[in-house]
Amino acid sequence: MNRMRLHINVDHVATLRNARDAGYPDPIEAARVCLDAGASGITAHLREDRRHIRDEDVHRLRELLKDSTFNLEMAATNEMVAIACEVKPDVVTLVPERRQERTTEGGLEIAKASRALSDHVAALRRQKIKVSLFIAADAEQVDASHALGVEQIELHTGEYSHAFGGLGETQELARLAAAAKRGRALGLEIAAGHGLTTENVPALVSIPEIVEFNIGHAVIADAVFLGLAGAVRAMLAAITEARGTPVR
């Protein structure tokens with residue numbers, strides 16, 4: 001059985017901090033708590049408008065995460081690629097980004113992307129940074145991602161999370177399973193994320209090709225009631241119960 005990883009996204013800790021422009025809660029301290037509670041790594045999205053994570057947070061996370069995975073989500077732009085090449089996170093996940101959206105609403109368009117995307121991927125790989133693409137669970141997008149030469153894809157699970165508990169759940173789960181299988185057959189590592197909770201993540205654990213989950217909002221929301229460490233442990237327990245073996 002493949003090793004499973006849980007990465008916690010700390011963006012919304014920064015959202016709470018920025019709501020009053022205070023120095024707390026500190027997303028870097030939150031990252032430390034998550035790691036102590038068993039998370040395998042930390043994800044943070046440096047948006048172009050800096051609405052939550054800020055440049056100094058990225059540098060501080062890199063300093064903290066010397067022995068754990070630092071996954072930096074970002075748009076595929078010259079500015080962001082330059083920052084990543086300076087900071088050198090372990091992983092860069094390229095995501096679509098629109099200023100007016102509340103959160104990332106869909107996967108990155110790979111199949112019809114311009115040459116610029118290929119250039120950005122090449123620039124990151126020259127710095128020996130692992131590149132992941134946040135994409136829809138669609139065969140065309142999977143194939144195009146492989147053609148770009150990236151190491152990983154992260155399947156957007158938003159449609160599944162919205163369908164969970166309804167008539168479309170089985171269909172969305174099958175679509176994710178098919179994309180994961182196709183990607184793995186091409187040699188890609190498979191991650192998944194967006195809208196995942198302790199209730200809907202267990203079904204995804206049954207897809208053997210998925211080896212990583214990136215989860216943020218649900219964990220931070222649960223932390224209001226359980227504490228941050230408790231929320232991380234609850235997510236780990238949900239995955240472990242479905243998987244039958246501990247998450248590492």
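The values are calculated or read from the model by the stated rules, or taken from the named source; none is laboratory data. Note that the coordinates shown come from a computational prediction; the quantities given were computed from them, not determined experimentally. Note: ideal-geometry Cβ built from the backbone for every residue, glycine included; neighbour counts use all protein chains shown. Side chains are part of the model used for accessible areas, which takes the heavy atoms of the whole protein and leaves out ligands, DNA and RNA. Shrake-Rupley method; radii C 1.70, N 1.55, O 1.52, S 1.80 Å.
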Between a residue in the stretch 53-67 that is closer than 17 Å to Ile8 by Cβ and any residue that is buried (at least 20 other Cβ atoms within 10 Å of the Cβ) and among the aromatic types (Phe, Trp, Tyr), which pairs come within a Cβ distance under 8 Å, given they are 6 or more apart or on different chains? Leu61/Phe70; Arg62/Phe70
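Suppose we filter the stretch 166-181 for residues that are crowded, with 20+ Cβ neighbours inside 10 Å and among the hydrophobic types (A, V, I, L, M, F, W, C); how many remain?
Just the residues of the stretch 166-181 that are crowded, with 20+ Cβ neighbours inside 10 Å, to begin with: 172-173, 176, 179-180.
Within this subset, residues satisfying the condition of being among the hydrophobic types (A, V, I, L, M, F, W, C) are 173, 176, 179-180.
So the count comes out to 4.
Every residue in the stretch 145-158 that is farther than 15 Å from Glu212 by Cα and either crowded, with 20+ Cβ neighbours inside 10 Å or free of Cβ contacts under 8 Å to residues at least 12 places away in the same chain (or both), please. If you could, list the steps in order and put the result at the bottom.
Taking the stretch 145-158 and keeping what is farther than 15 Å from Glu212 by Cα, we get 145-150, 158.
Once the filter is applied, which keeps residues that are farther than 15 Å from Glu212 by Cα and either crowded, with 20+ Cβ neighbours inside 10 Å or free of Cβ contacts under 8 Å to residues at least 12 places away in the same chain (or both), the stretch 145-158 yields Ser145, Ala147, Val150.
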Out of (1) at pLDDT below 95; (2) buried (at least 20 other Cβ atoms within 10 Å of the Cβ), what's the single condition that is false for Met1? (2)
Checking Leu64, Leu72 in turn, the sole residue that is within 13 Å of the chain's Cα centre (by Cα) and of a type outside the set (D, E, K, R) turns out to be Leu72
For the stretch 49-71, does any single residue satisfy the condition of being closer than 19 Å to Glu151 by Cβ and not polar (S, T, N, Q)? yes
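For (1) within 13 Å of Leu108 (Cα to Cα); (2) in contact with a strand residue (DSSP E or B) (Cβ under 7 Å, 6 or more places away or on another chain), each residue gets a yes or a no:
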position: Asp119; (1), (2): no, no
position: Ile129; (1), (2): no, yes
position: Ser132; (1), (2): yes, yes
position: Ala137; (1), (2): yes, yes
position: Glu151; (1), (2): no, yes
position: Leu167; (1), (2): no, no
position: Gln171; (1), (2): no, no
position: Ala179; (1), (2): no, yes
Here the qualifying pairs (Cβ atoms under 9 Å; residues six or more apart or on different chains; first in the stretch 81-93 and closer than 14 Å to Leu133 by Cα; second open to solvent by less than 10 Å² (accessible area, probe 1.4 Å) and among the charged types (D, E, K, R)) come out as Thr93/Glu154
Quick check on the stretch 182-208: of everything there that is of a type outside the set (Gly, Ala, Ser) and under 19 Å from Ala147 (Cβ atoms), which residue is surrounded by the most Cβ atoms within 10 Å (Cβ to Cβ)? Ile190
